[in-house]
Structure formats: structure tokens, C-alpha cells
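Trainee: Pasting in a structure now, in C-alpha cells, and then I'll have a few things to ask.
The values are calculated or read from the model by the stated rules, or taken from the named source; none is laboratory data. The shown structure was predicted, so the numbers you read here are calculated from the model rather than taken from an experiment. We place every Cβ from the backbone using ideal geometry, glycine too, and count neighbours over all the protein chains shown.
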């Protein structure tokens, strides 16, 4: 089962608030805060799509480039020993560290998507 929605390249994580008995979501992967809510799944889908469309319209009216979810640049720190082992593994595979890490991340995230698909079936 997935707790995310996708529309026009934007994704939102969906939550449920039992106190207010509503579903709510927020666009993921951008710094601008775009959120929405509804009291049914059907209404939530419509609210999500409306929120994305409104965000894009507001950006256009302001002459602002809408933020895109993720630039493709990932920077993170790892322990020096992990860095060393990864660099060696990449070299032994005949790849750059960047290419090697991208392939591992791609494989891991595809496995997650596969798990979500199987849960929904």
C-alpha cells in the first residue's frame, strides 16, 4: 500500500488525522510549502491536483520558476572507511563512484516501489 500521490511530476505524502478525521498531504521534495486536505480519498485526489495546479499558476503569475522535485544532485557524508570501501568497490566494478552509487540507489528505490506495488495487489 502506498501513502503517496503523484501528479505532473510532483509527489505528496499522505497522512490521516484521526482527531479531525481528514486526510492531508504536502508536496515532497520542494522547499515551498504546498499542502492540501479532504475528508475522502476522492476529494483528496482532487485537492492534491488542485494544489499542484494552483502552485504552478501562482508561480507563473509571479514570474517565479516553480521548484522541481529534486535536482539530481545528492550530497551526503559517510564515514571515511565507508567512503574508502565504496570507492574501491566502484573501481573494481569499472565505474566512477558516482555511477556506482547511483546504480545502487536506483536498485534500492526500485525494490521499494516493487514492494509498494505488491502490497497494493
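Trainee: Restricting to the stretch 70-110, give me the number of residues that are surrounded by 13 or more Cβ atoms within 10 Å (Cβ to Cβ) and part of a loop (DSSP other than H, G, I, E, B).
Mentor: Of the residues in that region, 1 qualify.
Trainee: Shifting gears a bit: Of the residues 52, 33, 41, which is surrounded by 12 or more Cβ atoms within 10 Å (Cβ to Cβ) and farther than 30 Å from residue 97 by Cα?
Mentor: Numbers: 33 fails: surrounded by 12 or more Cβ atoms within 10 Å (Cβ to Cβ); 41 fails: surrounded by 12 or more Cβ atoms within 10 Å (Cβ to Cβ).
Just a single option satisfies the conditions, and that option is 52.
Trainee: So residue 19 fits all but one of (1) over 20 Å from residue 59 (Cβ atoms); (2) part of a strand (DSSP E or B); what number is the exception?
Mentor: (2)
Trainee: So, one more: Do the conditions hold for residue 85, that is, is it at pLDDT 95 or above and within 24 Å of residue 106 (Cβ to Cβ)? It would help to see each step written out before you state the result.
Mentor: On the way: at pLDDT 95 or above: yes; within 24 Å of residue 106 (Cβ to Cβ): yes.
Here the answer is yes, as residue 85 does meet what is asked.
Trainee: Answer yes if at least one residue in the stretch 28-43 is modelled with pLDDT of 95 or more, closer than 16 Å to residue 9 by Cβ and in a loop (DSSP other than H, G, I, E, B), and no otherwise.
Mentor: Yes, some residue in the stretch 28-43 is modelled with pLDDT of 95 or more, closer than 16 Å to residue 9 by Cβ and in a loop (DSSP other than H, G, I, E, B).
Trainee: Please count how many residues of the stretch 3-27 are surrounded by fewer than 15 Cβ atoms within 10 Å (Cβ to Cβ), touching a residue at least 12 places away in the same chain (Cβ under 8 Å) and under 16 Å from the mean Cα position of the chain (by Cα).
Mentor: 6
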